[in-house]
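Quick notes on the structure that follows.
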Amino acid sequence: MTATTSTSTTGTTPRPTRSSTSCPPERAPRDPALAVAPLRCDAGRMDESTDPRLVTLQPTTIAAIRETVPMARITEFFDRAYRTVVRVMASQDIHPTGAPVGVYWSAPTDTIEMSAGFPADAAVAAEEGVAAERLPAGRAVQLTHAGAYGTMRASYDRFAAWAEEQGLPLGPVMWETYLTEPRPDVDPASMRTLITWPLQEPAGS
């Protein structure tokens, strides 16, 4: 894989794609009301190594809203989606089993297909745009970014270089797990974001 960089229409650091490795623009919600401690659940038990590593994922059910979003409105989408998902999960007595995720299903143009939601202990019934989705199992590369969202470019560059050196082809879907609540009073240096990128496995493997 060749690591290249694409520039988003927002002028901020772009998100990673199948053929480029850089980071999404605005990602976690700005609304501090969404930073509810119970929603973080098992985040503290995740591997927080900032070095790329190869892992084997188990399939994960998430409750999420999936839309094609204009690049300039990604932060607005996150705010709206997380708030709605929390409300729908609570109404169905479904509980989060991990920190919030942002899933990127397509390469960006002026829009991007993406989901925002939470790992869940049961499949949510479709309501208010919220639906159950399945994050794939299998081999993936992971890296935990330490620092503010705006500094993620360096982590994605290291991610891409390591995958290329190891001969690991990255697949078409990836996601970020937001391990730190994005409150205004949080020290940016303490923020952690887990990047997960499943591999493109050979057909029939």
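Worth a mention:
- Look at where the Cα atoms of the stretch 180-201 and of the stretch 88-127 average out, and the two centres are 16 Å apart.
- Highest average first, the peptides 178-185, 162-169, 144-151, 82-89 ordered by how many other beta carbon atoms sit within 10 Å of their residues are 82-89, 144-151, 178-185, 162-169.
- When each of TRP105, TRP197 is scored by the number of other beta-carbon atoms lying within 10 Å, the sequence from fewest to most is TRP105, TRP197.
- Eigen-decomposition of the gyration tensor built on the alpha-carbon atoms of the stretch 32-198 gives equivalent ellipsoid semi-axes of 24, 18, 17 angstrom, largest listed first.
Bear in mind these aren't lab numbers, they're just calculated from the coordinates by the rules spelled out. This is a predicted model, so every value here is computed, not measured. Glycine gets a Cβ as well: all are built from the backbone with ideal geometry, and neighbour counts include every protein chain shown.
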